[in-house]
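**Student:** Before I ask anything, here is the structure I am working with.
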Amino acid sequence: MTADMILTNARVLTMDRANPRAEAVALAGGQILAVGSGAEIAALAGPATQVIDAGGRTLLPGFVESHLHLVLGGAELAHLHIAGLHGFDAVRDAFLAFATKHPDRALLMAQGADYGILGRPMTRHDLDAMIADRPIAVTSHDHHTVWANTAALTAARLLQGRETPHGHEVVMGADGLATGELREFEAFGPVIALGGEARLNLGIATGAEPDPWPTAEERAVDKDKVELGLRHCAAHGITSMVNMDGNRFTLELLREMQAEGRLTARVKVPFHFKPHMDLAELDRADAMTRDFADDWLRCGFVKMFMDGVVDSGTAFMLNDYPGMPGHTSDPLFAPERFKEIATEIDKRGLQIAVHAIGDGAVRTTIDGYEAAQQANGTRDSRHRIEHIELIDRADITRLGTLGITASLQPPHPPGAMDFPLQPTLDKIGKDRWADAYLWRTLVEAGAPVAFASDWPVTDVSVLRGLQAALTRQPYAGATDERLSLMDSLYAYTAGGAWAAQLDDITGRLVPGLAADLVLIDGDLEAVAAEEIGAMSVALTICGGRITHRAGI
């Protein structure tokens, strides 16, 4: 068989343990035709074969982004980005410039603020002092808190407060009015809606579908935002992704894009099960799994949130937060209720992914998975826990024993990449730093690991994430939790594909698997770890199609 494309003169890292290295790869019909030496692969060329000389660059399987929010990330590319800014004047100046540039926007939304951006808790009065006559809002870097000015709170009908589900809160002040701090999705959803992006947030906010169903014109606007997100991901070598929020609408948008030739990555989308839902709602997950089951679009899993985040004090802990007697936060699902839900999902043959950051949330999730296994028997479920920022030592071995995948984000540990050390480390407490972000410890306990960014919570750049993974320094009293370069690359490729149940399609450079590849602009093994994040992606190929090309 003749190759459609050959990439030669490359440092090929196949992520296939049986054949870890090669010099060239041949592609045909959207699949990998052969992997081998330059001479072996050259013999597969024909008159119409496209031959790309990699010039000694590193060639890998296309990156698998194991945890992101594609639709939200695509939409947020058009927002104001203030990550790294600090102080009232810097934030005000950024907002004023953005307001001048966008005089007609109904909401001026900023992204990427850390919790100490003003050096004090942010309120609506701070934002009013920046811009008072237009609705403005700021999203925290973890996307679990929004701060809004009085105009935004008034327009969203939140100034007088609002009843929200457990775990979501419109924070109220002593004056009987909202302070401007909105915790979790159902508290700040009405503010986001001011900007016209409510339907794009349904997959994470409520798990519901748009009603009425969006018109063709509305869907066209949404698809353009998704396309921006896909292009952004392709530029970073991503060929497969697990979208960690979703509903049928998300899949229908992507299916339309697939038909239009605009889908440039494989996307797995969950059914988002919320605490208020009845088990019968899982019929929707079954239908999504049945209706979307090809090599490009899949469901097959259910996503849940067990808690919030450390910085806002909504992560569920086993012990009190430092300096906050009696406050551990609460799980979003009562433990016995979660066991019932997990058992039912597992019984239906679906995968489960649960956001669990605090050690209490992690234990509750493990207990639920264990209950499901006891009730239904052992199977290749590949249930996952997302984040695991803190874990009790007694629970570490349980992940390996139960076969639970640790879905981890190298950019998340404070100080590793863009997130500052404070206030997170103080919120965790010095006596627990040794139990935080335990990547290597989990691997040594037998847990399968997948790496991701959680974009747009952090930069989607896999290379920056890889640098963070390799250069992260241990906190006082903690062990070095870094994985090796090869283990980290595996977690971004084959490990991610396995965790997503896509390993029969992608993740390794093996004949018969999909022609999903990324060419790094340099020799990844020769560059110092501190310089990896500055490297770029020269070429991204998904299904044999070039989706990004720069400098080659």
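**Student:** Going by the structure shown, is ASP320 over 23 Å from GLY116 (Cβ atoms) and part of a loop (DSSP other than H, G, I, E, B)?
**Tutor:** On the way: over 23 Å from GLY116 (Cβ atoms): no; part of a loop (DSSP other than H, G, I, E, B): yes.
When the stated conditions are applied, ASP320 does not pass them.
**Student:** Would you point out the residue of the range 517-531, among those that are β-branched (Val, Ile, Thr) and in a strand (DSSP E or B), that is farthest from PRO61 (Cα to Cα)?
**Tutor:** ILE520
**Student:** I need the full set of residues from the range 202-239 which are closer than 25 Å to ALA187 by Cβ and hydrophobic (A, V, I, L, M, F, W, C), in order please.
**Tutor:** LEU202, ILE204, ALA205, ALA208
**Student:** Sticking with this one: Give the residues of the range 390-407 that are touching a residue at least 60 places away in the same chain (Cβ under 8 Å) and either β-branched (Val, Ile, Thr) or touching a strand residue (DSSP E or B) at 6+ places or on another chain (Cβ under 6 Å) (or both), sorted by residue number.
**Tutor:** We begin by selecting, within the range 390-407, every residue touching a residue at least 60 places away in the same chain (Cβ under 8 Å); these are 390, 392, 405, 407.
Correct list: LEU390, THR405, SER407.
**Student:** A follow-up question, please. Can you report the number of residues in the range 49-101 which are of a type in the set (Lys, Arg) and either closer than 30 Å to GLY29 by Cα or buried (at least 21 other Cβ atoms within 10 Å of the Cβ) (or both)?
**Tutor:** Applying the first criterion (of a type in the set (Lys, Arg)) to the range 49-101 yields 57, 92, 101.
Now drop any that are not either closer than 30 Å to GLY29 by Cα or buried (at least 21 other Cβ atoms within 10 Å of the Cβ) (or both), which leaves 57.
Residues flagged as of a type in the set (Lys, Arg) and either closer than 30 Å to GLY29 by Cα or buried (at least 21 other Cβ atoms within 10 Å of the Cβ) (or both) within the range 49-101 amount to 1.
**Student:** If I ask for residues that are assigned to a helix (DSSP H, G or I), of a type in the set (Gly, Ala, Ser) and within 19 Å of the chain's Cα centre (by Cα), which ones from the range 201-247 would you list? Walk me through how you get there before you give the answer.
**Tutor:** Going through the range 201-247, the residues assigned to a helix (DSSP H, G or I) turn out to be 201-205, 216-234.
Retained after the next criterion (residues that are of a type in the set (Gly, Ala, Ser)): 203, 205, 216, 220, 229, 234.
Correct list: GLY203, ALA205, GLY229, ALA234.
**Student:** The conditions are (1) closer than 28 Å to HIS412 by Cβ; (2) at pLDDT 95 or above; (3) crowded, with 19+ Cβ neighbours inside 10 Å, and GLU197 fails exactly one of them. Which is it?
**Tutor:** Among (1) closer than 28 Å to HIS412 by Cβ; (2) at pLDDT 95 or above; (3) crowded, with 19+ Cβ neighbours inside 10 Å, GLU197 violates only (2).
**Student:** Can you tell me how many residues within the range 248-302 are under 18 Å from CYS542 (Cβ atoms) and assigned to a strand (DSSP E or B)?
**Tutor:** Residues meeting the conditions: 5.
**Student:** Please work out which one of (1) more than 24 Å from GLN422 (Cβ to Cβ); (2) in contact with a helix residue (DSSP H, G or I) (Cβ under 7 Å, 6 or more places away or on another chain) is the condition PRO103 fails and give its number.
**Tutor:** Failed condition: (2).
**Student:** Has the range 1-10 got any residue that is at pLDDT below 95 and either in a strand (DSSP E or B) or out of contact with any helix residue (DSSP H, G or I) (no Cβ under 8 Å at 6 or more places or on another chain) (or both)?
**Tutor:** Step one: list which residues in the range 1-10 are at pLDDT below 95, which gives 1.
Next, from what is left, pick out any that are either in a strand (DSSP E or B) or out of contact with any helix residue (DSSP H, G or I) (no Cβ under 8 Å at 6 or more places or on another chain) (or both): 1.
Looking for residues that are at pLDDT below 95 and either in a strand (DSSP E or B) or out of contact with any helix residue (DSSP H, G or I) (no Cβ under 8 Å at 6 or more places or on another chain) (or both), one finds at least one in the range 1-10, hence yes.
**Student:** Same structure again: Would you mind listing the helices (runs of 4 or more DSSP H) fully within the range 416-516 where at least 2 residues are among the small types (Gly, Ala, Ser) and either touching a Gly at 6+ places or on another chain (Cβ under 7 Å) or surrounded by fewer than 17 Cβ atoms within 10 Å (Cβ to Cβ) (or both)?
**Tutor:** Values: elements: 424-428, 439-444, 462-471, 485-492, 494-499.
The qualifying helices (runs of 4 or more DSSP H) are 494-499.
Yes/no matrix, rows are residues, columns are (1) β-branched (Val, Ile, Thr); (2) touching a helix residue (DSSP H, G or I) at 6+ places or on another chain (Cβ under 9 Å); (3) in contact (Cβ under 8 Å) with a residue 60 or more places away in the chain; (4) farther than 17 Å from HIS81 by Cβ:
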| position | (1), (2), (3), (4) |
| --- | --- |
| ALA129 | no, yes, no, yes |
| ALA148 | no, yes, no, yes |
| LEU153 | no, yes, no, yes |
| GLY161 | no, no, no, yes |
| GLU181 | no, yes, yes, yes |
| ALA208 | no, yes, no, yes |
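**Student:** I need the full set of residues from the range 157-176 which are of a type in the set (A, V, I, L, M) and buried (at least 17 other Cβ atoms within 10 Å of the Cβ), in order please.
**Tutor:** First, pick out the residues of the range 157-176 that are of a type in the set (A, V, I, L, M): 158-159, 170-172, 174.
Selection gives LEU158, LEU159, VAL170, VAL171.
**Student:** Kindly establish whether ARG393 is buried (at least 18 other Cβ atoms within 10 Å of the Cβ) and over 20 Å from the mean Cα position of the chain (by Cα). Walk me through it before giving the result.
**Tutor:** Details: buried (at least 18 other Cβ atoms within 10 Å of the Cβ): no; over 20 Å from the mean Cα position of the chain (by Cα): yes.
No; evaluated as a whole, the condition is false for this residue.
**Student:** For ASP503, state whether it is modelled with pLDDT of 95 or more, in contact with a Cys (Cβ under 8 Å, 6 or more places away or on another chain) and not assigned by TED's automatic domain parsing to the domain that holds HIS141. Steps first, answer last, please.
**Tutor:** Numbers: modelled with pLDDT of 95 or more: yes; in contact with a Cys (Cβ under 8 Å, 6 or more places away or on another chain): no; not assigned by TED's automatic domain parsing to the domain that holds HIS141: yes.
Criteria not met by ASP503.
**Student:** Taking the range 25-55, which residues are assigned to a loop (DSSP other than H, G, I, E, B), under 16 Å from LEU519 (Cα atoms) and within 31 Å of the chain's Cα centre (by Cα)?
**Tutor:** Step one: list which residues in the range 25-55 are assigned to a loop (DSSP other than H, G, I, E, B), which gives 29-30, 37, 43-49, 54-55.
From what is left, the residues that are under 16 Å from LEU519 (Cα atoms) are 54-55.
The one that is assigned to a loop (DSSP other than H, G, I, E, B), under 16 Å from LEU519 (Cα atoms) and within 31 Å of the chain's Cα centre (by Cα): ALA54.
**Student:** Something else about it: Say we look at the range 335-364 and pick out the residues that are within 26 Å of GLN409 (Cα to Cα) and assigned to a loop (DSSP other than H, G, I, E, B); which of these is farthest from the chain's Cα centre (by Cα)?
**Tutor:** So the residue we want is LEU350.
**Student:** Would a scan of the range 252-273 turn up a residue that is under 25 Å from GLU340 (Cα atoms), charged (D, E, K, R) and surrounded by fewer than 23 Cβ atoms within 10 Å (Cβ to Cβ)?
**Tutor:** no
**Student:** Is there a residue being modelled with pLDDT of 95 or more, out of contact with any helix residue (DSSP H, G or I) (no Cβ under 9 Å at 6 or more places or on another chain), closer than 24 Å to PHE292 by Cα and in a strand (DSSP E or B) anywhere in the range 532-541? Can you show your working first?
**Tutor:** So in the range 532-541, the residues modelled with pLDDT of 95 or more come out as 532-541.
Now drop any that are not out of contact with any helix residue (DSSP H, G or I) (no Cβ under 9 Å at 6 or more places or on another chain), which leaves 538-539, 541.
Those left that are additionally closer than 24 Å to PHE292 by Cα: 541.
Subsequent filtering for residues that are in a strand (DSSP E or B) retains 541.
Checked the range 532-541: at least one residue is modelled with pLDDT of 95 or more, out of contact with any helix residue (DSSP H, G or I) (no Cβ under 9 Å at 6 or more places or on another chain), closer than 24 Å to PHE292 by Cα and in a strand (DSSP E or B).
The values are calculated or read from the model by the stated rules, or taken from the named source; none is laboratory data. No experiment lies behind these values; they were computed from the predicted model shown. Cβ atoms come from the backbone with ideal geometry, glycine included; neighbour counts cover every protein chain shown.
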